[in-house]
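These notes are about the structure you will find just below.
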Amino acid sequence: MNRRILMGAFAGIALAGMTATAAVAQEAQQALSSESVIETIKQNGVLRVGMSTFVPWAMRNKEGELIGFEIDVATQLAEDMGVEVEFVPTAWDGIIPALLAGKFDVIIGGMTITPERNLTVNFTAPYAHSSLGVMANKELAEGLNWPDDFDSSDVTFVCRRGATPCSYIEAKFPKATLRQFDDQSQTTQEVMNGNAHVLMGSQPLPNFMIYDNPEVLFAPTDEGIDPGNEAFAVRKGDPDALNYFSNWILLKKSSGWLQERHDFWFGGRPWADQVAEN
């Protein structure tokens with residue numbers, strides 16, 4: 001066999017190997033795509049969204065219907081996907097286990113990206129940014145200096161169970177008493193009724209409560225605390241869902257739609273007459 005024929009044979013073998021490798025890669029890619037929750041959503045015609053009520057992210061209006069920033073976001077996402085949206089209200093401290101168990105397709109609920117959560121779920125690109133705020137009972141806490149005087153066994157904090165503020169309080173105010181509740185309205189009522197000194201929660205809820213109840217509540221500090229980034233949470237091992245949702249967020253940011261919706265719900269309260277008073 002002369003050298004030219006030998007080189008041709010080697011080239012043929014290499015080409016066949018490359019073709020086989022490409023075929024295997026394509027099959028693997030098709031398998032990954034078919035297993036994505038995006039395909040499930042398309043086949044079922046429904047986007048199932050895990051969420052928890054939290055003003056003004058998601059709340060009930062006077063007719064019992066869900067409204068809020070998260071509701072707008074999820075509804076628009078479903079519309080752009082050409083499917084219906086189904087909201088699955090879930091207790092916050094159980095929302096990640098419920099996602100992993102397949103109770104819904106994605107968490108869209110103002111979830112802050114944290115390293116601890118990221119070990120269990122994957123996060124999309126951020127679609128909102130917030131910070132924590134505090135509201136305190138005037139009768140119990142007026143005269144206390146923030147933050148030093150609040151790190152005391154005589155001071156009681158409240159927060160929504162499983163939410164970022166609970167971890168922050170435990171780390172920064174280890175001497176204080178911490179009480180956790182499943183429902184955010186329970187935490188606000190504890191402070192309003194004088195059963196707890198201070199609530200820590202995501203803004204703008206503390207500011208809204210103070211504005212509505214200046215005779216009972218005050219802000220011990222005006223500083224934004226522990227700024228965070230909120231993102232959708234999806235199950236691990238699903239690059240297609242991560243890619244689709246992140247690119248949807250990118251497009252809605254670029255168009256200004258996300259900012260406009262955020263400004264409506266967080267910049268003021270033109271929606272206040274839609275919800276029942278606490």
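The values are calculated or read from the model by the stated rules, or taken from the named source; none is laboratory data. Everything numeric here is computed off the predicted structure, so don't read it as measured data. With ideal geometry, Cβ positions are generated from the backbone for all residues, glycine too; neighbour counts draw on all protein chains shown.
Among the residues making up region 222-258, those that are buried (at least 16 other Cβ atoms within 10 Å of the Cβ) and of a type outside the set (A, V, I, L, M, F, W, C) are 226, 228, 230, 235, 238, 240, 244, 246, 252.
Considering only region 248-276, state which residues are in a helix (DSSP H, G or I) and aromatic (Phe, Trp, Tyr). Result: 248, 257, 264, 265, 266. Per the listing 137, 145, 193, 122, the residue uniquely of a type in the set (S, T, N, Q), at pLDDT 95 or above and in the same structural domain as residue 93 (by TED's automatic domain parsing) is 122. Is one or more of the residues making up region 17-34 surrounded by 11 or more Cβ atoms within 10 Å (Cβ to Cβ), small (Gly, Ala, Ser) and modelled with pLDDT of 95 or more? Within region 17-34, not a single residue is surrounded by 11 or more Cβ atoms within 10 Å (Cβ to Cβ), small (Gly, Ala, Ser) and modelled with pLDDT of 95 or more.
Give me a count of the residues in region 55-84 that are acidic (Asp, Glu) and assigned to a helix (DSSP H, G or I).
4
Residues of region 93-152 that are in a loop (DSSP other than H, G, I, E, B), at negative phi and more than 17 Å from the chain's Cα centre (by Cα): 101, 142, 144, 145, 146, 147, 151, 152. Say whether the condition of being surrounded by 14 or more Cβ atoms within 10 Å (Cβ to Cβ), modelled with pLDDT under 95, assigned by TED's automatic domain parsing to the domain that holds residue 260 and assigned to a helix (DSSP H, G or I) is met by at least one residue in region 85-92. Yes, some residue in region 85-92 is surrounded by 14 or more Cβ atoms within 10 Å (Cβ to Cβ), modelled with pLDDT under 95, assigned by TED's automatic domain parsing to the domain that holds residue 260 and assigned to a helix (DSSP H, G or I).
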